[in-house]
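Asks: One structure, pasted below without further comment.
The values are calculated or read from the model by the stated rules, or taken from the named source; none is laboratory data. Since we're looking at a predicted model, the values are computed, not measured. Cβ coordinates were reconstructed from backbone atoms using ideal geometry, including for glycine residues, and neighbour counts include every protein chain displayed. Surface areas here come from the heavy atoms of the whole protein model, side chains and all, with no ligands, DNA or RNA. Shrake-Rupley method; radii C 1.70, N 1.55, O 1.52, S 1.80 Å.
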Amino acid sequence: MYQPSSRKEADMRLDSQVLDLETAVKDGIMGGNCGLISTGFGLKKLDLKLMAEELESIDVPTVFICPISLEPMRDPVTLCTGQTYERSNIVKWLSLGHYTCPTTMQELWDDSVTPNKTLQQLIYSWFSQKYLAMKKRSEDVQGRVKEVLENLKKVKGQARVQALKELRQVVQAHGTALKTVVENGGIAFISSLLGPFTTHAVGSEVIGILVNLNLDLNSKSDLLQPAKISLIVDILNEGSIETKINCTRLIGMLMEGNDFASQNVASLSLLVGLLRLVKDKKHQSGVLSGLILLKTVCSNESVRNSFVNVGAVPQLVELMPGLNNECLELVLCILELLSSIPEGRLALKDCPNTIPNVVKLLMKASENCTQLALSILWSICKFAPEECASLAVDAGLAAKLLLVIQSGYDPVLKQRSAELLKLCSLNYTDNIFISKCKLSRTIE
């Protein structure tokens, strides 16, 4: 849907609907050859519908918008009330038996419509100017991208860093630059700049470019070479927060649709670097990016033991308080994956805050978070029932489970809650356990 604009004085004059072609030309709203594009065989008139579609995100003067559809008009017609509409929209309104003006609700004393040729010319001219200006900018961007790519083949050192920085900024700002890079073999060339002797300054800029491109399978395979992955991981550990996020995103892109990539990518250095990233709560985008990649990496069972060994479990458990629901769900998902191996369950049991932090999340966040939390608690309590079940009950688990059972949650989730409640009750007499289930003890 188009958003009306009133930023320019010319637009404000248009909003009054007192439209004068001579004034419009003087103000630059219309001009010679507007709406004509040069081809090899002369001038070709542009299609208004096509221009409107390609300029969809641009602010359009209010007077060009049909009050019924809130879209730019291509065939404006005016009613006897002086209000203007897109022909097809007002004809449909009238055909439905309405004999009022949709905007003012005045009763129509004449149901005929008059073509508003002046407004139609203004609309066409305005869109033509914007469209041709956009095309010109696009051509300028494409030309600049080609120049930078050629320049990169010649320069070294700091000059190469500056050229890469310019290319990264252009690629981030203009969608047409992405296409130009791809069409001119830019992906393969830029990827070739990553290697064992690449400086971190060059590598950071290269990674900042690559994360904005659509990489094909060959490009991904090339970037998954050990030397290049090792460099990306080193830069992740030592770069700025923006660079860390770009490295994380790029590794995630390389792993998409590749079941074996986790084993090639998941070094201890990567796992440690990602843990550092997610612990930096000052940068929420970094926390989210890091957790997404950790979840992807941990989906491979062979990586989970290594992740537990670097001390991931207590760090993730301590990270939970204060996270938003999206990040919290990712942490719980990672912990659930780790709880599927004996080393993970042991680490969860040995962390003193695992049970209290996880119990607090039941019925507090999303249903998915509750499901993940229950799965983790079940794994721990099943692993060490005598030690963990009593800790969980003291943390208020029994009352929370009763709330889940009485909620409108999924039946499978309720069944798991009932099973966990039964497991927790085994170490207590009936009277003591009933007292532990008092809701007033745990609802905060």
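Asks: Please give the solvent-accessible surface of Val182 in Å², to the nearest 10, using a probe radius of 1.4 Å with every protein chain present.
Replies: Ignoring ligands and nucleic acids, Val182 comes out at about 80 Å².
Asks: How much of Arg87 can a 1.4 Å solvent probe reach, expressed as accessible area in Å² and rounded to 10?
Replies: Ignoring ligands and nucleic acids, Arg87 comes out at about 80 Å².
Asks: Looking at this model, which pairs from Lys146/Lys244; Lys156/Lys179; Lys154/Lys282; Lys153/Lys244 are more than 31 angstrom apart at the alpha-carbon?
Replies: Details: Lys146/Lys244 28 Å; Lys156/Lys179 25 Å; Lys154/Lys282 40 Å; Lys153/Lys244 26 Å.
Where the Cα-Cα span goes over 31 Å, the pairs concerned are Lys154/Lys282.
Asks: Please arrange Thr199, Thr354 by accessible surface area, largest first, computed with a 1.4 Å probe and ligands excluded.
Replies: Details: Thr199 75, Thr354 0 Å².
The residues order as Thr199, Thr354, largest area first.
Asks: Against the globular-protein guess of 2.2 N^0.38 Å, express the Cα radius of gyration of the stretch 59-115 as a ratio, rounded to two decimals. All intermediate terms of the calculation are to be shown ahead of the outcome.
Replies: Values: Rg = 10.7 Å, N = 57, 2.2 N^0.38 = 10.2 Å.
It is 1.04.
Asks: Using only the Cα atoms, work out Rg/Rh for the stretch 186-260, with Rh taken as the Kirkwood radius, to two decimals. The partial results should precede the final answer.
Replies: On the way: Rg = 11.0 Å, Rh = 12.1 Å.
Using only Cα positions, Rg/Rh for the stretch 186-260 is 0.92.
Asks: Could you order Ser379, Ser221 by accessible surface area, starting with the largest, using a probe radius of 1.4 Å?
Replies: Details: Ser379 25, Ser221 75 Å².
If we order Ser379, Ser221 from most to least accessible, we get Ser221, Ser379.
Asks: Quick one: which residues, 5 or more positions from Thr100 or on another chain, have an amide H under 5 Å from its amide H? H modelled 1.01 Å from N in the peptide plane, none for Pro or chain starts.
Replies: Long-range HN contacts for Thr100: Leu108.
Asks: Something else about it: Could you tell me which GluC sites (Glu not before Pro) in the stretch 198-273 are loop residues by DSSP with no more than 15 other beta carbons within 10 angstrom of their beta carbon?
Replies: Details: sites: Glu205, Glu238, Glu242, Glu256; in loops: Glu256.
Passing both the DSSP loop test and the Cβ count: Glu256.
Asks: Which whole-Hz ³J(HN,Hα) couplings does the stretch 316-321 yield from phi under the Karplus relation 6.51 cos²θ - 1.76 cosθ + 1.60, θ = phi - 60°, glycine and proline marked x?
Replies: Coupling constants for the stretch 316-321: 5, 4, 6, 6, 4, x Hz.
Asks: Let me ask something additional. Could you compute how much accessible surface Leu268 exposes when probed at 1.4 Å, giving the result in Å² to the nearest 10?
Replies: 100 Å²
Asks: Then there is this: Bin width 10 Å, alpha-carbon pairs only: give the P(r) of the stretch 363-405 as whole percents, running from 0 to the bin holding the largest distance.
Replies: In order of increasing distance, the bins hold 28, 57, 15 percent.
Asks: Continuing with the same structure: Kindly sort Phe383, Phe64 by accessible area of their heavy atoms, largest first, with the probe set to 1.4 Å.
Replies: Working: Phe383 85, Phe64 0 Å².
Most to least solvent-accessible, the answer reads Phe383, Phe64.
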